[in-house]
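Undergrad: Let me give you the structure first, and then I'll get to my questions.
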Amino acid sequence: DIRQLAGLIIKNYVFPYFMQFPADLQHLVKTELLHILHDPISDLRKTAAILLGKISESFMLDFWIDLLPHILDHLSAENYTQRPASFDGCLHAIHRICEDSSVKLSMEGKVRPLDVMIPKFLNLLTCINDSAVRVRVLESYNCLLYLLEGPNSIQVGGLRSRNTSYDSNVDTNSVSSNSAKNKEALNSSAANASSPLFLNMPQFIETLARLSSDGHAPLRKCVCQSITIIACLQISVLEAYFSNICEFMLTSLMDTQEEVAMESCEYWNALLQSPDTKRAILPYLKRLIEHLITRLYLT
């Protein structure tokens, strides 16, 4: 309890003034947080992951990019079996970072994190036969999919990233006082963010196809979320798979697990927002209406 309280104090009372601290003290805090990711106590690993996510949210990429290699190196099939606590802590941390800071992860530099992270995620989704792990990996990947957003993206109510990196207000206590420059860096990076996502999209779609029949309902729900996000932001990449995807989403609409069926509804709702996609679902419209009526709740 004392160690968790220490983490809460750091988050609420230390981080607002963190950039005023000596460099060696900043390094000590970051190093200790990485160390706690491997703690045998699950709650402490989660606390460290929350704090690392807060660092990624509050400070510019250059300040915390040195943390990523350590976290990613421990996300392997070998660590999953031999050092499960370390794997779990690092998976929690990378999920927090993706959720809070995906735009920053796309920024150009000596190394672009997404070039390493996306193949890593795809490998984990393939080589680790643990549905709970796959859910967290796919949730992290879904946070990155919001980087696909472009001028032709479909805006659907409720489908919105929780990623705080999209907020134009950058913490003035934690980064350069030139906020206009910071916003320009974030916006320009977003334009280049989709490159590794597009390059790996065929493999990602194939991976989703394999996961779509998993017996774990939360994983099927995440698969539906992935497809819906892509459909809203870059529907063109689904063109080659459109028929199979619609068949899967019709099946998902009749899933015995309500959370899966609800996510399927989001997909069809997204396609109805554009004239082109609205026409594309005409061959499925009769069955879609029948399925919707079957699942209708009257209150």
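Undergrad: Per residue, what accessible area does region 204-284 have, given a 1.4 Å probe and all protein chains present, in Å²?
TA: In whole numbers, region 204-284 has 44 Å² accessible per residue.
Undergrad: Solvent-accessible area of Arg3, probe 1.4 Å, all protein chains present, reported in Å² to the nearest ten, please.
TA: Near enough 120 Å² of accessible area.
Undergrad: Going 7 Å from the Cα of Glu259 toward and past its Cβ, which residues in region 200-239 have a backbone nitrogen under 20 Å from where you end up?
TA: Hits in region 200-239 for Glu259 at 20 Å: 208-230.
Undergrad: In the structure shown, do any of Lys120/Lys278; Lys11/Lys221; Lys30/Lys104; Lys54/Lys221 have a Cα-Cα gap over 25 Å, and if so which?
TA: Details: Lys120/Lys278 35 Å; Lys11/Lys221 32 Å; Lys30/Lys104 18 Å; Lys54/Lys221 27 Å.
As for pairs spanning more than 25 Å Cα to Cα, those are Lys120/Lys278; Lys11/Lys221; Lys54/Lys221.
Undergrad: Between Lys278 and Glu290, what length in nm is gained on full extension when 0.36 nm per residue of separation is reduced by their alpha carbon distance?
TA: Full-extension gain reported as 2.6 nm.
Undergrad: Another one. How far apart, in nanometres, would the label points at Ser213 and Asn123 be if each is projected 7 angstrom from Cα along the Cα-to-Cβ direction?
TA: Simple spin-label model gives 2.7 nm for this pair.
Undergrad: Could you pull the accessible area for Glu32 with a 1.4 Å probe, rounded to 10 Å²?
TA: 90 Å²
Undergrad: Follow-up question, since we're still on this one. Considering only C-alpha atoms, what is the centroid distance from region 245-299 to region 16-56, in Å?
TA: Between the Cα centres of region 245-299 and region 16-56 lies a distance of 43 Å.
Undergrad: Moving to a separate point now. Give the accessible area for Met262 in Å² (nearest 10); use a 1.4 Å probe, count only protein heavy atoms, and leave out ligands, DNA and RNA.
TA: Surface open to solvent at Met262 totals about 110 Å².
The values are calculated or read from the model by the stated rules, or taken from the named source; none is laboratory data. The structure presented is a predicted model; accordingly, all values stated were derived computationally and were not measured. Glycine also receives a Cβ, built like all others from the backbone with ideal geometry; neighbour counts cover every protein chain displayed. Protein only, heavy atoms only, side chains kept; ligands, DNA and RNA dropped before computing areas. Shrake-Rupley method; radii C 1.70, N 1.55, O 1.52, S 1.80 Å.
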